[in-house]
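The values are calculated or read from the model by the stated rules, or taken from the named source; none is laboratory data. None of the values given here were measured: they were computed from a predicted structure. As a convention, Cβ positions derive from the backbone with ideal geometry for all residues, glycine included, and neighbour counts pool all protein chains shown. Each accessible area value is taken on the protein alone, full model and side chains, heavy atoms only, with ligands, DNA and RNA left out. Shrake-Rupley method; radii C 1.70, N 1.55, O 1.52, S 1.80 Å.
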Amino acid sequence: MEVSEHGPLEAPPLLLLHGLLIDRTMWQPVMETLGRSFRLLIPDLPGHGTARNRRWTSMSRVVRDLTDLIDSRVPDARVGVVGLSLGGYLALELARAAPDRIAGAVASGVNAVPLPFWSPPRLLGPVLAPFIVTRPMLSANARVLRIPPDLHPWYLSAARRTHPRAFARVNRELTGYRPPVDNAFVRPVLVLCGGDEPPGIRRSAPLLAAAFARGEHRTVPGVGHGWIIERPALFTETVSNFITPLFP
């Protein structure tokens, strides 16, 4: 798994997991600030960025790969994990699957309520997959994510490195996602959602938090799904305030 590292080697380790239709460059708005306090591990997930041609098989397989990454890079310490959108799902599943390796988790923009069969994500995902990295589709998505116009060229370039097959497979998995069960993770978990996100994500936050012994949820007023780009300083402050106490 291709990984960027930033920050002091002796700092608390923090794994950052990007969303769908983007790559690890998603973290650039917060990387410098977080890198002052944490040792950042930032991978490209299968089917994205430099891993575009690496097949996305399943979320569980990616969780195993991320566990191997932690074991190889940080063999003697727990790791904090932060994920947005697709990365948020993976952060929760990683905490559940490898509780002895994770110090705590932050997940933002995760949906865990059932979607009707006729909902757009279920119906349109397979149909749109071949066209998802075209300029009209990505430009529309950039507007939904509230990406500033001056950053559209960066977003289009990063998003085009997503393999359409990966988009289709991930979309199929995420539309059926449910809160974790049989959960042995007892360390802190923070589930976030933007106040302007879709209702399903806002309803999911308390359900996901309740699936963890020390889970809590917060709504961030006035932001949407891609608030790491919309409000990077607020995102950094929120994550730092939660993660820092995990490493006394």
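At-a-glance table
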{"read-out": "Condition check for Leu207: out of contact with any helix residue (DSSP H, G or I) (no Cβ under 8 Å at 6 or more places or on another chain), among the hydrophobic types (A, V, I, L, M, F, W, C) and either crowded, with 19+ Cβ neighbours inside 10 Å or at pLDDT 95 or above (or both)", "value": "yes"}
{"read-out": "Residues of the stretch 7-53 that turn out to be free of Cβ contacts under 8 Å to residues at least 60 places away in the same chain and either surrounded by 18 or more Cβ atoms within 10 Å (Cβ to Cβ) or of a type in the set (S, T, N, Q) (or both), as a count", "value": "13"}
{"read-out": "Out of Leu151, Leu174, sole residue that is open to solvent by 30 Å² or more (accessible area, probe 1.4 Å) and either in contact with a Phe, Trp or Tyr (Cβ under 6 Å, 6 or more places away or on another chain) or within 19 Å of Gly49 (Cβ to Cβ) (or both)", "value": "Leu151"}
{"read-out": "Filter pass, Asn183 being part of a helix (DSSP H, G or I), on the phi < 0 side of the Ramachandran plot and open to solvent by 30 Å² or more (accessible area, probe 1.4 Å)", "value": "no"}
{"read-out": "Looking only at the stretch 54-107, and only at residues there that are under 21 Å from Asp182 (Cα atoms) and either among the acidic types (Asp, Glu) or part of a loop (DSSP other than H, G, I, E, B) (or both), the one that is least open to solvent (accessible area, probe 1.4 Å)", "value": "Ala98"}
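Table: residues versus (1) closer than 24 Å to Val79 by Cα; (2) at pLDDT 95 or above; (3) touching a Cys at 6+ places or on another chain (Cβ under 7 Å); (4) open to solvent by 20 Å² or more (accessible area, probe 1.4 Å).
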site	(1), (2), (3), (4)
Pro179	yes, no, no, yes
Val189	yes, yes, no, no
Gly195	no, yes, no, yes
Pro198	no, no, no, yes
Phe212	yes, yes, no, no
His217	yes, yes, no, yes
Pro221	no, yes, no, yes
